[in-house]
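Q: The structure is given below, and queries will be raised subsequently.
FYI, it's all coordinate maths here, none of it is from the lab. This structure is a prediction, so every number in the text was calculated from the model and none was measured. Cβ placement follows ideal geometry from the backbone for every residue including glycine, while neighbour counts extend to all protein chains displayed.
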Protein chains: 2
Amino acid sequence: MRHYADSALLTDLYEIAMLQAYFSRAMNQTAVFEFFVRQLPAQRNYLVAAGLAQVLAFLAALRFEENELAWLGSTGRFDAAFLDSLHDLRFTGALDAMPEGTIFFAGEPLLRITAPLREAQLIESRLINLLHYQTLVASKAARVWTAARGKRLVDFGMRRAHGAEAALLSARASHIAGFDGSATTIAARLFELPVFGTMAHSFIQAHDSEAEAFATFAHAFPDNTTLLIDTYDTEAAAAEVVRLAQRLRAQEGIHIKAVRIDSGELGEQARRVRAILDAGGCGEIDIFASGNLDEHAVDALTSGGAPIDGFGVGTRMNTCSDAPYLDCAYKLVEYAGQPRRKRSAGKSTWPGRKQVFRRFDAHGMMEGDTVALEHEAAPGAALLEPVLRGGAPVQPAASLAQLRARVQAQLASLPAALRALEPAPPYAVTVSPSLHELARQTDLRHDALAAAARANWAT
Amino acid sequence: MRHYADSALLTDLYEIAMLQAYFSRAMNQTAVFEFFVRQLPAQRNYLVAAGLAQVLAFLAALRFEENELAWLGSTGRFDAAFLDSLHDLRFTGALDAMPEGTIFFAGEPLLRITAPLREAQLIESRLINLLHYQTLVASKAARVWTAARGKRLVDFGMRRAHGAEAALLSARASHIAGFDGSATTIAARLFELPVFGTMAHSFIQAHDSEAEAFATFAHAFPDNTTLLIDTYDTEAAAAEVVRLAQRLRAQEGIHIKAVRIDSGELGEQARRVRAILDAGGCGEIDIFASGNLDEHAVDALTSGGAPIDGFGVGTRMNTCSDAPYLDCAYKLVEYAGQPRRKRSAGKSTWPGRKQVFRRFDAHGMMEGDTVALEHEAAPGAALLEPVLRGGAPVQPAASLAQLRARVQAQLASLPAALRALEPAPPYAVTVSPSLHELARQTDLRHDALAAAARANWAT
């Protein structure tokens, strides 16, 4: 049995139930679904699209294994002919999407699937699961990056991320959004991103004195020594570092690279430690800070001029603690050539295949977006690009470096008020008149069909 | 290469860096670490321990594969002799823990590892990652269960859970805490818990009319038909269900089981739908509600007498949105026979191997806990039990049914104010005088050793 994260059973049961019902009616014409965020969290002025690479990997590998079909059969819910039909299920459709790293806003489709109904439906749960989390983290990490004002940023959040995949993918998403790297080893291996790591308090505690612990570590990693100095008394430890640094430099040519502070009022602690290091001739030793950091804490430290050279940001970014989910959805907008939409209270959607057009001013700054029909001639650059056709990639995948560059360019073109941490008036996203008209026609058609169906019952 | 979630590289790099430094000094005596939560979130009166089963599976499988060691070597950070020593690394130690499903509070160790230093250290990141998330979800889900007052509860949260593992493990943790089951198919397969699933709005939209969609689904699942009725107009759909139910009952002997409402003001909608169903002779059709639910929303609906028979609770539970992380830690409390502790500002810890003793009143209600030394004769029942010795299980694993029963029994013995959703005065947790004394002696010893070390430098 393969790993559960790769199983076709990693889906809501209702997807398979719907497929059974579609099978019983031989309903499998072309369906078009779009993924979008209904509303931004109050704490966000923009979002950063991420997770598409993992969606593509999921679609490429999609298939039911024999043992999975046998298990489905054992539940007694599904008929044999239907389960048999799942043997051949592969993703053969088209995918259009905003490239990863694109800034987007509420109501804008960032991904569109055009595929036979059963394929487009089955993938819903995992597709949302993958796009939602990385977009959540990239959007938060971009704010932390803005607040860091060029200081080094490292993802420290594996331990309190919500499980293994969150640990792995938050390393990737935060790196795309500007983080230098991660402390999570497996992320470095799988995504070839820089990995960082020093020591825990337990390392200090396991030795009889900090002096001994520091010396042990410096000898084990003479080229890359960062010492954690807040286990007992931070200033005393900083003085210890000075003594050790002087001795190691003179006797062995070893240079201590940095110290880390993980508790207390970090700005004040960093000032005192900086003074002790400088007074001891250790001006070249960096100060790295961690502990309960988010974009607001980092902003307060960097704007206040705290002498901190880098930040480890973990839990609050990886759990996206101020806004731990997005109000996102993957909705049917067309089936069998007919536009479709949902009209539930507070959750109505726009029908039809759509495109997002972005306008820029003369300085290259983002000016406003229009959500329009796919082939409408709206002004601006089209954001959704062809990614898959017939289940196969249209172009080679972008590298992480390219994605990082895209986020940087996008942030540079984002108006300053939106880039700021404080809530700003919303960016202008309008819906084209043609789309309004399509919604009206879709409702008229639906109401006529529903009335006809009722009349049918009555007879 | 095995799946990343099973890799020994799913750890913070600093764990491996510390192991290299320990190896260089041949430091590998017995270490004792304890896992605890420093502080409860403001929104919680108690927590429910969960995730131990996954920790045990992780420890049982812990080993470095050849390709993982080769990759570590390729980073240029580690020496060959050290990497070679990792070949044999297995978890050979002892584990004591509160059984899953135990209610616990801030400052109480819920798990203790006693093992050679390198083993006890290496496992830190993943052990926290596994215990933290399930404890987070079980603690939230227990509140939802309390609010549901016996109504059916189903985990609906795969799509917005933070990745695959969060989706899987939140199904397990919420089931332990009282949920009837999950919509996540793979969770049903792996944990043998009940799985539920009906249809999405897209199913309704893909048909030309609701009437047709409802009939298709009822014929596909004649024994288990739940119809989603809020895609267009909820009351009109309820009337449609009545017409269909009457016809199916009369002509084919099919009984529609339930309807689901997923938007709008759920209580009011449920009342109107109930009235329509009852007036149409469909009193046996249940109403199931979903959409942005958490314990407060469920409580308002059940206490207000809304005619809802069950709830689908997703995003806010699986992301634990009101408190998406716990301030938890895994800290060294003893090494080489000597108690150890950390004295960082706001993050100091208690030294030594500890036990938690719980006192009950004459009615079996929880009265207060004492955190004491392991072998102290404190009054009450000891909560930490032996789980592993020499890396092997001491007793067979509990079934999910047993864990569910434990949570129910624990909730029944929890004072009503703590069981309530509103913040209550904290439960009494005291620290024994012997533990205070051990902390004092540990500090004295440490300060003497540090002074000696400084004197050493001076010479």
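Q: Could you give me the ³J(HN,Hα) list for region B:191-203, computed from phi with Karplus coefficients 6.51, -1.76, 1.60 and θ = phi - 60°, whole Hz, x at Gly and Pro?
A: My calculation for region B:191-203 gives 10, 6, 9, x, 10, 10, x, 10, 8, 9, 4, 4, 4 Hz in order.
Q: Tell me, what is the percent relative contact order of chain A, built from C-alpha pairs under 8 Å that lie six or more residues apart? List each step's numbers first, then the result.
A: Working: 835 pairs, mean separation 94.2, N = 459.
Once divided by the residue count of chain A, the mean separation gives 21 percent.
Q: OK, next. Do any GluC sites (Glu not before Pro) in region B:172-213 lie in a DSSP loop with no more than 13 other beta carbon atoms within 10 Å, and if so, which?
A: B:Glu192
Q: Bin by bin, in steps of 5 Å, what percent of the Cα pairs in region B:147-318 do you find, going until the bin that has the longest distance?
A: Calculated over all Cα pairs of region B:147-318, the distribution is 1, 9, 18, 20, 20, 16, 11, 5, 1, 0 percent.
Q: What whole-number value in cubic angstrom gives the convex hull volume per residue for the C-alpha atoms of region A:198-290?
A: With only Cα atoms used, region A:198-290 gives 80 Å³ per residue.
Q: Further, regarding this structure: Before rounding to the nearest 500, sum -39500 (n - 2.57) across all DSSP H runs of length at least 4 in chain B and divide by the residue total; then give [θ] at 222 nm in deg cm²/dmol.
A: Numbers: 17 runs with 195 residues, N = 459.
Only helices count here, giving -13000 deg cm²/dmol.
Q: Another one. With the label 7 angstrom out along Cα to Cβ, how close does B:Asp278 come to the same site in each of the other copies, in nm, nearest first?
A: Result, one decimal in nm: 7.7.
Q: Where a Cα-Cα gap under 17 Å defines reach, which lysines qualify for A:Lys151, not counting those fewer than 8 residues away within the same chain?
A: Filter leaves A:Lys140, A:Lys257.
Q: Still on this model: Bin all alpha-carbon pair distances of region A:116-168 at 5 Å intervals from 0 and give each bin's fraction as a whole percent.
A: It works out to 4, 15, 20, 19, 15, 11, 7, 5, 3, 1, in whole percents.
Q: Using alpha carbon centroids, what distance separates region A:120-199 and region A:218-261, in Å?
A: 30
Q: Show the residues, 5+ positions off or on another chain, whose built amide H is closer than 5 Å to the amide H of B:Glu367.
A: B:Arg359, B:Phe360, B:Asp361
Q: I need to check one value: relative contact order of region A:1-133, counting alpha carbon pairs closer than 8 Å and at least 6 residues apart, in percent.
A: Working: 179 pairs, mean separation 56.5, N = 133.
It comes to 42 percent, rounded to a whole number.
Q: Over all directions, what mean area does the Cα convex hull of region A:372-459 project, stated in square nanometres?
A: With the hull built on Cα positions only, its mean projection is 11.1 nm².
Q: In cubic angstrom, how much convex hull volume per residue do the alpha carbon atoms of the protein assembly as shown span?
A: Here the figure is 165 Å³ per residue.
Q: Using the alpha-carbon centroid of each, what span in Å lies between region A:1-48 and region B:25-89?
A: 35
Q: Next question. Where the label is 7 Å out from Cα toward Cβ, how close does B:Ala300 come to the same position in every other copy, in nm, shortest first?
A: 3.2
Q: Can you compute the charge dipole magnitude of region A:198-290 about its Cα centre, using +1 on each Lys and Arg Cβ and -1 on each Asp and Glu Cβ, nothing else charged? Give it in debye, rounded to the nearest 20.
A: My answer is approximately 260 debye.
Q: Report, for B:Ala81, each distance to the same residue's label point in the other copies, shortest first and in nm; define the point 7 Å along Cα→Cβ.
A: In nanometres, ordered from closest: 7.2.
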